[in-house]
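Undergrad: One structure is given below, represented as structure tokens, and several questions about it will come after.
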Amino acid sequence: MSLDSITLEAMRKELLDKFKEGKIVNLIQTKKYKIIIEIKSVKFLTTTFYIHISLDPSLPEIYFTELENRQQTIISPFLTLLQNQLKGGKLLDIEHPNFDRILHFIIKPYQKFGKLPNKILVVEFMGKHGNMILLKGDKTIETAIKLIDSNISRYREIMPGKLYIPPPSQNKIDPLNINRESFLNIFNSLSAENKDLTLWELIQDSFTGLSPQSAKEVVLQANLSPEKYLSEVSGSDEEMLWTSFNRMVTDIKNHNFQPALFLDPLSKKIKTWSIIDSVQFPKYHRKTFKDANSCLESLFSELEREREILSMQNKIDQIIRKNMDKINNKISDYQKKLEEVKNCEQYKINGELIKANLAGIKRGDREITAINYYSPRQENITIPLNDKLTPLENARLYFKKYRKTKDSYQIISEQLQSHQLKLARLTELQRLYEQEINSLPHLLKIYNKLTGLGWGKKIAAPLPHKKSKKEKNRLAPVKYISKDGWEIYVGKNNLQNDFLTFKLASGNDTWLHAKNIQGSHVIIKNKGDKQSLPLSTLIQAANLAAYFSKAKKDNKVLVDYTLKKYVKKPKNAKPGMVIYSHEKGLWIKVDPEEIRNLKKIS
């Protein structure tokens, strides 16, 4: 649903109830078309609130919150003038002229000397034509977030010094000022071509500030189909429409709203929302709120979070895909080059055999057949010669090729090993990324690791949410409780795996890991000699080890388990790398539902 006039009317009332006579502390800008007003309420002098106003065509916003802004701020000439004119002022009133998608914030400026006329901050929620305009008391324009001169629009200039002209009304009716007779006359005065309109289109086209969703709601609550054509409408249909429409208008006038978000039952994602009572989304889960602001704050916060998650997912996917392709191509090139130079020892043998047979070689010979004394089989081999060189010069040529090829072999081998290590690191980060793909803090952590390794550009913006204790402690593994009451710990990255296995675990704890596959270390804490490990707990822990591994999508996963005392770390091994013995194997079919039902402590 779009931000229509019903929502604006609800927010106007709630903003005035909270902030009338409130002091404007500051104004900040976080995006091109988003301004946040910091304000103190007369009722709550010790608390600063933040009124978010955005004219982004894809996501217009208006709501207030106590949470301090954590987005990166920007500076603009528009913001500077707003701060100079409105900072320290008082919010006197908020008007909603003609029930259009426009709010007028009437602000009394801070007076250092003498009396200053009031300012008007006009906010037009008009989609791509939306604007935020600061007016003087006489309705002349001081500035706007979008300046529009005569080259852009001959009909409505938005420039400093010009008289403010509201957007054209399109000859629509104010829904709050219509009676039954006037409503029914709309149907009687329709022209022939308008008979092809549906009921909801007529409602939206006739009245100011109604979104398609609100128009459809009027028709549905009249027990009619929104897609019913006007040519099919009877007199009784018109009466039912008036009853439904009048009920909605009465609720708006009495500020009797029923704000709700409608969530997909499976994904729990927001599909739509409504400020008025809605019957058109029976398949979605309804989440109700006590007031419009609570609903919009929850809505826009979640939509912004989903935007940030999607943006970060796209960035990480692009970085991983691009660099994996690049590294794999490099590895393939080095493997081909290595194949070309791997027989460098043969050049040395050829040189030695030429030296051993100098007496039998004449200048001008193109080849020599000699016994290969360096082979166990002592077979004859044919060695090509340069007929323009002496036998000794031919030997030296082969020795030169040997030294050059050997040097190349070492360099290529080192480069190949380096790129294979990079690929392993990138694969590990990809695995970690896929574990919590919808967690923004987790995605930021992965992104920062990728940029730290030089695989992407760093972002300067701070985290939009406060870090939890879990995020602050990078080494803390995740703790589960099995159905039998045993503690199970899972490392989610190489550092956690090392800490879990070699710092947290004891010698007689049970250690698990997917066999020959990158994945998490899992520990079942031992309860003492008198208590043996239940098979069901072992299976649950093995399920965790299989799930948090690269093989999670396989039909079955082989999981090794042994006592922690049989797990060792090789000298100079990278984090997470271990060797172990005395292991047993357990074939596991990954059950995500079983993991979701496990009690998670941290």
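The values are calculated or read from the model by the stated rules, or taken from the named source; none is laboratory data. The structure displayed is predicted, hence computed values, not measured ones. In this analysis, Cβ positions are derived from the backbone assuming ideal geometry, glycine residues included, and neighbour counts consider all displayed protein chains.
Listed here are the residues, each with its yes/no results for (1) farther than 21 Å from Leu103 by Cβ; (2) among the aromatic types (Phe, Trp, Tyr).
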position	(1), (2)
Ile35	no, no
Asp56	no, no
Tyr63	no, yes
Glu68	yes, no
Thr73	yes, no
Pro77	yes, no
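Undergrad: Find the strands (runs of 3 or more DSSP E) located wholly in the stretch 101-211 whose residues include 3 or more that are at pLDDT 90 or above and closer than 30 Å to Asp237 by Cβ, and list them. Outline the logic, then answer.
TA: Numbers: elements: 102-108, 119-124, 131-135, 141-144.
In the stretch 101-211, no matching strands (runs of 3 or more DSSP E) lie anywhere.
For (1) outside any helix (DSSP H, G or I); (2) among the acidic types (Asp, Glu), each residue gets a yes or a no:
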| position | (1), (2) |
| --- | --- |
| Tyr334 | no, no |
| Glu339 | no, yes |
| Glu345 | no, yes |
| Gly351 | no, no |
| Lys362 | yes, no |
| Gln378 | yes, no |
| Lys388 | yes, no |
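Undergrad: Right, here's the next one. For the stretch 395-410, check the following and say yes or no: at least one residue is without any contact (Cβ under 8 Å) to a residue 24 or more places away in the chain and under 30 Å from Asn494 (Cβ atoms).
TA: yes
Undergrad: So, one more: Output the qualifying pairs, or none if there are none: Cβ atoms under 6 angstrom, residues six or more apart or on different chains, first residue in the stretch 581-593 and in the same structural domain as Tyr566 (by TED's automatic domain parsing), second residue among the polar types (S, T, N, Q) and modelled with pLDDT of 90 or more.
TA: From the stretch 581-593, the pairs are His582/Thr562; Glu583/Thr562; Ile588/Asn543; Asp591/Asn543.
Undergrad: Report, by residue number, each residue of the stretch 1-30 that is among the hydrophobic types (A, V, I, L, M, F, W, C) and within 33 Å of the chain's Cα centre (by Cα).
TA: Looking only at the stretch 1-30, we keep the residues that are among the hydrophobic types (A, V, I, L, M, F, W, C), and these are 1, 3, 6, 8, 10-11, 15-16, 19, 24-25, 27-28.
Those that are among the hydrophobic types (A, V, I, L, M, F, W, C) and within 33 Å of the chain's Cα centre (by Cα): Met1, Leu3, Ile6, Leu8, Ala10, Met11, Leu15, Ile24, Val25, Leu27, Ile28.
Undergrad: Test of understanding: among Asn394, Asn329, which residue is surrounded by 14 or more Cβ atoms within 10 Å (Cβ to Cβ) and assigned to a helix (DSSP H, G or I)?
TA: Values: Asn329 fails: surrounded by 14 or more Cβ atoms within 10 Å (Cβ to Cβ).
Of the residues listed, the single one that is surrounded by 14 or more Cβ atoms within 10 Å (Cβ to Cβ) and assigned to a helix (DSSP H, G or I) is Asn394.
Undergrad: Sticking with this structure for a sec: Of everything in the stretch 74-100 that's outside any loop (DSSP other than H, G, I, E, B) and polar (S, T, N, Q), which residue is surrounded by the most Cβ atoms within 10 Å (Cβ to Cβ)?
TA: In the first step, residues of the stretch 74-100 are kept if they are outside any loop (DSSP other than H, G, I, E, B); the result is 74, 77-86, 90-95, 97-99.
The next check asks that each one be polar (S, T, N, Q); those that pass are 80, 83-85, 98.
Numbers: Thr80: 13, Gln83: 16, Asn84: 11, Gln85: 20, Asn98: 16.
Filtering first and then ranking leaves Gln85.
Undergrad: Shifting gears a bit: Within the set of pairs 6+ apart or on separate chains, which have a first residue in the stretch 172-184 that is exposed (fewer than 15 other Cβ atoms within 10 Å of the Cβ), a second that is aromatic (Phe, Trp, Tyr), and C-beta atoms under 6 Å apart?
TA: Arg180/Trp242
Undergrad: Still on this structure: Please indicate, with yes or no, whether at least one residue in the stretch 593-602 is of a type in the set (Gly, Ala, Ser), exposed (fewer than 13 other Cβ atoms within 10 Å of the Cβ) and within 30 Å of the chain's Cα centre (by Cα). Before you say what the answer is, go through the steps one by one.
TA: Step one: list which residues in the stretch 593-602 are of a type in the set (Gly, Ala, Ser), which gives 602.
Those left that are additionally exposed (fewer than 13 other Cβ atoms within 10 Å of the Cβ): 602.
With within 30 Å of the chain's Cα centre (by Cα) added as a condition, the list becomes 602.
Within the stretch 593-602 (the criterion being of a type in the set (Gly, Ala, Ser), exposed (fewer than 13 other Cβ atoms within 10 Å of the Cβ) and within 30 Å of the chain's Cα centre (by Cα)), the answer is yes, since at least one residue qualifies.
Undergrad: Kindly evaluate His419 against the criterion of being assigned to a helix (DSSP H, G or I) and free of Cβ contacts under 8 Å to residues at least 24 places away in the same chain. Before the answer, list the steps.
TA: Numbers: assigned to a helix (DSSP H, G or I): yes; free of Cβ contacts under 8 Å to residues at least 24 places away in the same chain: no.
Answer is no for this residue.
Undergrad: If you take just the strands (runs of 3 or more DSSP E) that sit entirely in the stretch 224-323, which of them hold at least 1 residues that are touching a His at 6+ places or on another chain (Cβ under 6 Å)?
TA: Working: elements: 260-263, 270-274, 285-288.
It comes to 260-263.
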